[in-house]
Amino acid sequence: TAYFTASYLRTIVCVNLISLDIASGILTVTDDTQAAAICRYLAKNHVLTLCTAAENDLWCASCFYVFEPQQMAFIIMSEAHTRHAELALMNAQVAGTVAAQTKNIALIQGVQFRGQLKLLEGDKAAMAREQYIKRFPVAKLASAPVWILTLDHLKMTDNKLGFGKKLYWQRETN
């Protein structure tokens, strides 16, 4: 089990090696390959399950996402009138998963996460929309707003590294 935290990641390259540049604070990484494995996994997938809750109501939704490693965040697009978005507007704390489907138990990989979902506006929304459209060109036809899901805590199960192997990431609290 390895934990690593960062107050702000300015650059992170999700390839065979990981390059870290810390703007403030210290990033403690027990094993660079673990951070790289999490980033590679999130970058290569594109659908997350988003779980929202507020006022004794809860809802889950599948959302296409773009992983933003510099912020350890997902960018999603969703209409504000959907049930999950309405709940997120009342309570920004969300949870969810990213999981690929495989029948081979030795290849199972997946992520569970907790974070904050926020509707983007202005320049931030325009930049996020560009990133989203670059990954999903058909989204150019949609007028739905873009959101950022800033990760606070993440646990990855990666059976490719050994049965039940867990990798952890947690945002440093100030």
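Nothing in this text is a laboratory measurement; each read-out follows from the coordinates by a stated rule. Model, not experiment: these values are computed from the prediction. Note that we place each Cβ from the backbone using ideal geometry, even for glycine, and neighbour counts take in every protein chain shown.
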Subject >> Amide H within-cut-off set for residue 120, under 5 Å, with H built and near neighbours excluded >> reply: 146, 147, 148
Subject >> Karplus-derived 3J(HN,Hα), 6.51/-1.76/1.60, for each residue of the stretch 136-150, Hz, glycine and proline x >> reply: 10, x, 5, 5, 4, 7, 8, 10, 4, x, 9, 10, 10, 10, 7
**OP:** Rank by packing, highest mean first: peptides 136-143, 47-54, with packing defined as the count of other Cβ atoms within 10 Å averaged across residues.
**Re:** 47-54, 136-143
Subject >> Cα-projected label distance for residue 45 with residue 142, points at 7 Å along beta-carbon direction, nm >> reply: 1.8 nm
Original post:
Check residue 172: other-chain or 5+ apart residues with amide H under 5 Å from its amide H, H built from backbone geometry?
Top reply: 6, 7
Subject >> ³J(HN,Hα) computed for each position of the stretch 108-115 - Karplus, 6.51 cos²θ - 1.76 cosθ + 1.60, integer Hz, glycine/proline x >> reply: 4, 9, x, 10, 10, 9, 9, x
Original post:
Once a ≥ b ≥ c are taken as the square roots of the eigenvalues of the Cα gyration tensor of the stretch 118-174, is the result rounded (a/c under 1.5), prolate (a/b larger than b/c) or oblate (a/b not larger than b/c)?
Top reply: oblate
**OP:** Compute the distance in nm between two label points, each set 7 Å from the Cα along the Cα-to-Cβ direction, one at residue 81 and one at residue 170.
**Re:** 4.2 nm
Original post:
Just the Cα atoms of the stretch 51-114: what Rg and Dmax do they give in Å?
Top reply: 13.7, 40
**OP:** Can you work out the PRE-style zone for residue 105? Point 7 Å along Cα to Cβ, and I want the residues of the stretch 134-174 with backbone N under 11 Å.
**Re:** 163-164
**OP:** Would you calculate the separation in nanometres between label points at residue 59 and residue 126, each defined as 7 Å from the Cα along the Cα-to-beta-carbon direction?
**Re:** 3.0 nm
Original post:
What does the charge add up to near residue 100, with Lys and Arg as +1, Asp and Glu as -1, over the other residues with Cβ less than 14 Å from its Cβ?
Top reply: +3
Subject >> Proximal charge balance of residue 159 [Cβ under 12 Å; K/R count +1, D/E count -1] >> reply: +2
